[in-house]
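Derivation of every value follows stated rules applied to the coordinates shown; laboratory data play no part. Everything numeric here is computed off the predicted structure, so don't read it as measured data. Don't worry about glycine lacking a Cβ; one is built from the backbone with ideal geometry, like all the others, and counts go over all protein chains shown.
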């Protein structure tokens, strides 16, 4: 339950971090909040030889509102996001999602960039970012580039990031008029990883659902006419989608259970999208205004 | 826990009000350094992967899992462990309340519970039961069933209000 020995660097610029990672090659690993990486290192499931701690890099934390985009710095913690009033006002699903993540002691350290780069299939941020058509701003040896979430997430705990790449921010298109997003998840305890979760984005009759916690990566389905269907036809559509999804069995739930619950969770995510707080109050949250 | 020839890094941090300096291997967890280098055995180690909350300490006033950060990352930080709170003769109101309300049995989770409760009350002096449960949701107790712990935090709020 102790990590193996490693060399530690704490650079204060992105360029220096990329340089150190380039030198380290496949031995290197970025450390941000450490709330997923450190447990894996304690279990020795991860054994990086060189750790590049980016917490001292300036300018990677905080939320910027740009023309047409919301840019969330990679080191912004779940708690920062949860407490951000203007972000909650402009994009309520960010607060609702942050409220579902971990517990107080985890939320104040864990970061959105770390969550996305870790790509846990049951994590909220990769699915929320995918649902919002966000992209990651990535700095690497060749400079900065933008990588869509679909392109970034390659599999469970696997991304297309190169060893010397650092995620510096998430770039989210600002919601257009009439667009609504909500989230709902089922977990064994508030703050635990979701057994099944869904993010719903709606505009008029069109609906896009992004599920997480079922398969190896977030999975999406969409329909342009969902809102015009009868209640019965909508329920049938959600059940069909749930059946279609790739789902895994584990200690906590079978694949069959997950597929059935996927339809229920989707319906609740749609209700969350219709509510003003994107599902914050309806959810089994661990987040608290303190 | 030391390895021969392992590179060590000198760090300076404030531990329970005193400036302390120590040489640490990068791989040493903050929880282990507090216990083994500073003798602060009130930092209880449970799961060592962030699930149980027993090793909760306050870093710059915020409750965090000391098993999920490396000591080398605590350079310049202000650390509070349960040892900072009170003495058997002059307990902190949170400790008094846990004692009065039987908010513990085996005591293993207690330092983490007490520190999380203190951080909550520092921010929300008069929390609702739901707020208490949210705040403590990351700290596992296998003895009490939580009811007396929640009551203890409510009592601690009263004691602090009485000053």
ask   = Nearest 10 degrees, 0 to 90: what angle lies between the long axis of helix A:14-24 and the longest principal axis of chain A (Cα atoms)?
value = 70 degrees
query = Which residue, A:119, A:97, A:16, tops the fluctuation ranking in a GNM of chain A built on C-alpha contacts under 10 Å?
reply = A:16
ask   = Taking N as the number of residues in region A:9-86, what is its alpha-carbon radius of gyration divided by 2.2 N^0.38 Å?
value = 1.27
query = For the protein assembly as shown, what is the calculated [θ] at 222 nm in deg cm²/dmol (nearest 500), taking -39500 (n - 2.57) for each run of four or more DSSP H residues and dividing by its residue count?
reply = -9000 deg cm²/dmol
message = Can you compute log10 of I(q)/I(0) for region A:127-216 with the Debye formula, treating each Cα as one identical point scatterer, at q = 0.24, 0.25 Å⁻¹?
response = -1.19, -1.22
key: Convex hull per residue volume in Å³, alpha carbons only, for chain B   = 108 Å³
remark   = For region A:18-164, percent of DSSP beta bridges that are antiparallel (nearest 5) comes out at 75 percent
message = With just the Cα atoms defining each centre, how far is region B:92-130 from region A:27-93? Give it in Å.
response = 30 Å
inquiry  = Can you tell me what percent of all Cα-Cα pairs in region A:63-173 are more than 19 Å apart?
reply    = 39 percent
remark   = Helix A:231-244: inclination vs chain A longest Cα principal axis, degrees, rounded to 10, gives 40 degrees
remark   = One computes Rg over Rh for region A:7-53 from alpha-carbon atoms, with the Kirkwood Rh, and obtains 0.97
message = Could you give the length gained by full extension between residue A:151 and residue A:248, i.e. 0.36 nm per residue of separation minus their alpha carbon distance, to one decimal place?
response = 32.7 nm
task = Rank B:123, B:65, B:20 by mean-square fluctuation in a GNM of chain B with C-alpha springs under 10 angstrom and give only the top-ranked residue.
result = B:123
request  = Rank the residues A:201, A:2, A:29, A:232 as a footprinting-exposure proxy: fewest other Cβ atoms within 10 Å of their Cβ go first.
outcome  = A:232, A:2, A:29, A:201
inquiry  = Quick check on the exposure proxy: order A:148, A:239 from fewest to most C-beta atoms within 10 angstrom.
reply    = A:148, A:239
query = Which value in Å does the Kirkwood hydrodynamic radius of region B:93-162 take, with 1/r averaged over all unlike C-alpha pairs and then inverted?
reply = 11.5 Å
query = Mind checking the angle between helix B:110-123 and chain B's longest principal axis? C-alpha axes, 0 to 90 degrees, to the nearest 10.
reply = 70 degrees
ask   = Anyone know which of A:135, A:275, A:206 comes out most mobile in the 10 Å Cα GNM of chain A?
value = A:206
message = Strictly greater than 29 Å: what percent of every Cα pair in the protein assembly as shown meets that?
response = 49 percent
Normalised per residue, the volume of the convex hull around the Cα set of region B:1-94 (Å³) = 99 Å³
remark   = Final fewest-first order of A:185, A:85 on the 10 Å Cβ neighbour count is A:85, A:185
request  = Over region A:179-274, consider all pairs of different Cα atoms and compute the Kirkwood hydrodynamic radius from their mean reciprocal separation; express it in Å, one decimal.
outcome  = 13.2 Å
